[in-house]
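The values are calculated or read from the model by the stated rules, or taken from the named source; none is laboratory data. Predicted model, so just to flag it, every value in this text is computed and none were measured. When we count neighbours, we look across all protein chains shown, and the Cβ atoms used for this are built from the backbone with ideal geometry, even at glycine. Heavy atoms of the whole protein, side chains included, go into the accessibility calculation; ligands, DNA and RNA do not. Shrake-Rupley method; radii C 1.70, N 1.55, O 1.52, S 1.80 Å.
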Amino acid sequence: MAEAQDHNRETRLPEAEIERQRGIMDQIAANGVGKYWINTYGCQMNVRDSQTLAGMLEGMGYEKAAEQRQADLILFNTCCVRENAERRVFGNVGHLQALKKERPNLIVGVCGCMMQQDGSAERLLSSAPFVSLVFGTHNLYRFPELLQGALKGERLVAIEGDPQGVIAEGLPAQREGNSRAFVNIMFGCNNFCSYCIVPFVRGRERSRAMGDILREIEGLSAQGIKEVTLLGQNVNSYAPEGGGSFPKLLKSLEGLVPRLRFMTSHPKDLSDELIEAMASSKTVCPQLHLPVQAGSNAILQAMNRGYTREKYLGLVEKLRDAMPEIGLSTDFIAGFPGETESDFAQTLDLCAKSRFDSAFTFIYSRRSGTKAAKMEGQIPSEIQHERLSRLIALQEGITAEKLRAMEGKEYELLIEEPSRRSKQDFMGRTGSGIAVNLHGEGLRPGDFARAKMVASGANTLRGELISE
Ligand code: SAH
Ligand code: SF4
Ligand code: F3S
């Protein structure tokens with residue numbers, strides 16, 4: 001059955017196939033190439049996939065263009081988790097029609113989650129006939145071969161693939177910046193939350209071997225990477241062939257880089273062992289993104305989330321007992337089918353009780369093929385929007401209060417990219433994940449700095465460097 005978990009099957013793509021793709025990369029590089037541009041939509045998984053695409057492109061001799069209109073190859077790495085993400089892709093691909101007329105040799109390709117969805121590739125190709133390359137998440141590793149076809153003038157669609165999915169080790173990656181990096185630990189999702197399209201477009205769960213992850217992070221550490229974020233749709237179900245668990249993985253990565261984060265964690269199987277592993281680690285940051293989605297048990301059940309509000313609130317308490325400084329964030333969906341005013345009041349209540357540092361709030365979006373799309377009681381858009389705005393207002397107040405409470409305290413920050421305003425204005429992050437703006441002569445991204453919080457805003461703090 002498609003939903004069954006089977007962690008013992010062979011999921012690793014044969015090395016010979018990767019070699020074949022490398023051979024094609026060399027052939028393309030030998031023929032002289034041009035500039036590329038990638039538009040990325042959606043979550044960190046897609047950001048990481050785009051880094052693989054960029055890595056392959058650079059391996060083929062392509063250079064990143066200064067702007068989209070100068071590129072010879074433009075890719076859209078798409079998301080379909082909500083309808084508005086899809087609408088934007090259709091709009092932005094459509095805008096390229098004029099450029100393609102001006103420059104007939106331009107190759108426009110569309111890939112990612114949306115292309116893996118039933119019927120989407122056909123819809124896109126009929127609305128944007130100038131697109132010559134389409135591939136889904138299951139065919140990412142075949143990009144060199146597909147691009148070679150497109151360069152010969154073929155129109156290619158590669159969206160087939162076993163939903164069980166494979167793991168392709170050893171693909172190149174071109175990461176932006178040199179202090180922080182995303183590392184996949186698993187792919188796919190088996191949870192089938194009733195509203196969610198991800199299991200349909202990303203396939204079943206499969207975990208990378210601990211040794212492969214370890215080697216990748218050792219390599220990143222040798223390059224000077226200071227912070228690694230481990231990625232998976234539900235890292236708590238990390239279960240590699242040959243044994244291992246997520247807490248064990250965290251322990252084995254201890255000390256490899258100064259800071260380790262991960263996302264996303266599913267409340268239904270957040271174990272005491274994991275809380276313990278986080279609390280006792282010097283490497284794992286005191287930060288957790290723990291999507292709750294809703295605060296009413298009836299809605300949580302209809303969403304197939306596998307936990308109750310009581311269980312969730314219990315987890316929040318345990319996490320704060322173990323790590324008083326933990327930064328907690330969440331996701332909420334407002335206006336799920338059948339959500340009554342009293343269900344929604346329970347969501348507001350859970351939000352108030354949990355006192356999240358921040359929350360991503362979404363309006364329920366009907367995704368065809370999911371169980372919730374067929375449910376009765378779909379909520380009218382005005383009610384959805386009105387509920388969303390009440391939730392946002394509540395969370396904004398809590399976020400501001402929590403930031404204000406940090407004023408006067410000192411934190412160690414990892415300095416991220418310089419601000420746009422000036423070369424000496426930086427943003428750094430606390431271990432708990434809060435963004436702090438500060439002025440610092442001679443600072444560089446990747447530095448650690450201690451700072452005292454002097455003011456707070458809606459989402460960020462202002463800090464002053466403490467000289468050692
Ligand atoms: N695997 C992660 C998140 C994946 S999608 C997890 O389970 O936490 C990121 C967020 O998008 C989800 O947490 C959910 O809040 C939101 N989302 C997913 N499907 C949605 C839909 N159909 N409508 C609105 N929001 C949705
Ligand atoms: Fe979607 Fe649920 Fe899987 Fe997250 S856990 S990706 S919300 S099905
Ligand atoms: Fe979107 Fe795919 Fe991520 S649907 S949220 S990009 S897994």
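Computed FRET efficiency, Cβ-Cβ of Glu401 and Val47, R0 35 Å: what is it to the nearest 0.05?
E between Glu401 and Val47, to the nearest 0.05, is 0.70.
Nothing charged except the Cβ atoms of Lys and Arg (+1) and of Asp and Glu (-1): what's the magnitude of the dipole of the range 181-295 about its Cα centre? Round to the nearest 20 debye.
Roughly 220 debye, rounded to the nearest 20.
Restricting to the chain, compute how many DSSP beta bridges are antiparallel as a %, nearest 5.
Antiparallel bridges make up about 30 percent of those DSSP assigns within the chain.
For Glu317 and Ala373, what is the calculated FRET efficiency with R₀ set at 41 Å and r taken between the beta-carbons, to the nearest 0.05?
Numbers: r = 35 Å, r/R0 = 0.85.
After rounding to 0.05, the efficiency reads 0.70.
Provide the gained length on full extension for the span Phe192 to Glu218, in nm with one decimal, where the gain is 0.36 nm per separating residue minus the Cα-Cα distance.
6.0 nm
Magnitude of the Cβ-charge dipole of the range 400-462, K/R +1 and D/E -1, about the Cα centre, nearest 20 debye?
120 debye
Under the Karplus relation 6.51 cos²θ - 1.76 cosθ + 1.60, θ = phi - 60°, what is the ordered set of whole-Hz ³J(HN,Hα) values for the range 334-343, x standing for Gly and Pro?
Once θ is set to phi - 60°, the couplings for the range 334-343 become 9, x, 5, x, x, 5, 8, 4, 6, 4 Hz.
Loop-only GluC sites (Glu not before Pro) in the range 130-226, please: DSSP not H, G, I, E or B, and at most 10 other Cβ atoms within 10 Å.
Within the range 130-226, the qualifying GluC sites (Glu not before Pro) (loop, at most 10 other Cβ atoms within 10 Å) are Glu160.
Quick check on my link table: of Lys251/Lys282; Lys35/Lys100; Lys268/Lys353; Lys353/Lys402; Lys226/Lys282; Lys282/Lys311, which ones sit more than 21 Å apart, alpha carbon to alpha carbon?
Cα-Cα > 21 Å for Lys282/Lys311; rest within.
For Glu205, enumerate residues with amide H under 5 Å from its amide H, sequence gap 5+ or separate chain, H modeled in the peptide plane.
Residues meeting the criterion, in which the H sits 1.01 Å from N, are Cys189, Asn190.
May I ask you to evaluate 6.51 cos²θ - 1.76 cosθ + 1.60, the Karplus curve with θ = phi - 60°, for each residue of the range 103-119 and list the ³J(HN,Hα) values in order in whole Hz, giving x for glycine and proline?
For the range 103-119, the Karplus-derived couplings read 10, x, 7, 4, 9, 10, x, 10, 9, x, 4, 4, 6, 7, 8, 3, x Hz, x marking Gly and Pro.
Can you list the residues of the range 372-392 with backbone N under 17 Å from a point 7 Å past the Cα of Ala345, pointing along Cα to Cβ?
387-388, 390-391
Dipole of the range 286-405, Cα-centred, from +1 at each Lys and Arg C-beta and -1 at each Asp and Glu C-beta, to the nearest 20 debye?
320 debye
Computed FRET efficiency, Cβ-Cβ of Asp269 and Glu63, R0 60 Å: what is it to the nearest 0.05?
Working from the Cβ atoms, E equals 0.85.
Quick one: what are the phi-derived ³J(HN,Hα) couplings along the range 391-408, Karplus 6.51/-1.76/1.60 with θ = phi - 60°, whole Hz, x for glycine and proline?
5, 4, 4, 4, 5, 4, x, 5, 4, 4, 5, 5, 5, 4, 5, 8, 4, x
Accessible surface of Asp343 in the full protein assembly, 1.4 angstrom probe, to the nearest 10 Å²?
Only protein atoms counted, so the area is about 20 Å².
Got a sec? Which residues in the range 221-245 would a label at Glu276 touch, if it sits 7 Å along Cα→Cβ and we count backbone N under 16 Å?
Flagged as within label range: 245.
From largest accessible area down, sort Lys402, Lys318; use a 1.4 Å probe on the protein chains. Don't skip to the end; give the middle numbers.
On the way: Lys402 45, Lys318 90 Å².
Putting Lys402, Lys318 in descending order of accessible area: Lys318, Lys402.
Given H placed 1.01 Å from N in the peptide plane, which residues other than close sequence neighbours of Gln378 have an amide H under 5 Å from its amide H?
Sorted by chain and number, the residues that satisfy this are Gly338.
For a quick check of your reading of the filter: which GluC sites (Glu not before Pro) in the range 302-366 sit in a DSSP loop and have no more than 16 other Cβ atoms within 10 Å? Provide the component values of the computation, followed by the final result.
Numbers: sites: Glu310, Glu317, Glu325, Glu339, Glu341; in loops: Glu325, Glu339.
Filter output for the range 302-366: Glu325.
Quick one: which residues, 5+ away or cross-chain, put their amide H under 5 Å from the amide H of Leu461? H built at 1.01 Å from N.
Answer set, sorted by chain and number: Ala435, Val436, Asn437.
List the Cys residues of the chain that have no partner Cys with a C-beta closer than 4.7 Å.
If one checks each Cβ against the other cysteines of the chain, Cys43, Cys79, Cys80, Cys111, Cys113, Cys189, Cys285, Cys351 turn up with nothing under 4.7 Å.
What residues from the range 309-334 fall in the zone where the backbone N is under 17 Å from a label point 7 Å along the Cα-to-C-beta line of Ile383?
Residues 333-334 qualify, since their backbone N sits under 17 Å from the label point.
Any idea how far apart Val454 and Asn92 come out in nm if each label point goes 7 Å out from Cα toward Cβ?
3.7 nm
Tell me the mean residue ellipticity at 222 nm calculated for the chain from its helices only (DSSP H runs of n ≥ 4, each -39500 (n - 2.57), averaged over every residue, nearest 500).
-10500 deg cm²/dmol
How would His385, His289 line up by accessible area, probe 1.4 Å, largest first?
Of His385, His289, the descending order of accessible area is His385, His289.
What is the spread of the Cα atoms of the chain along each of their three principal axes, largest first, in whole Å?
The principal-axis extents, from largest down, are 60, 60, 48 Å.
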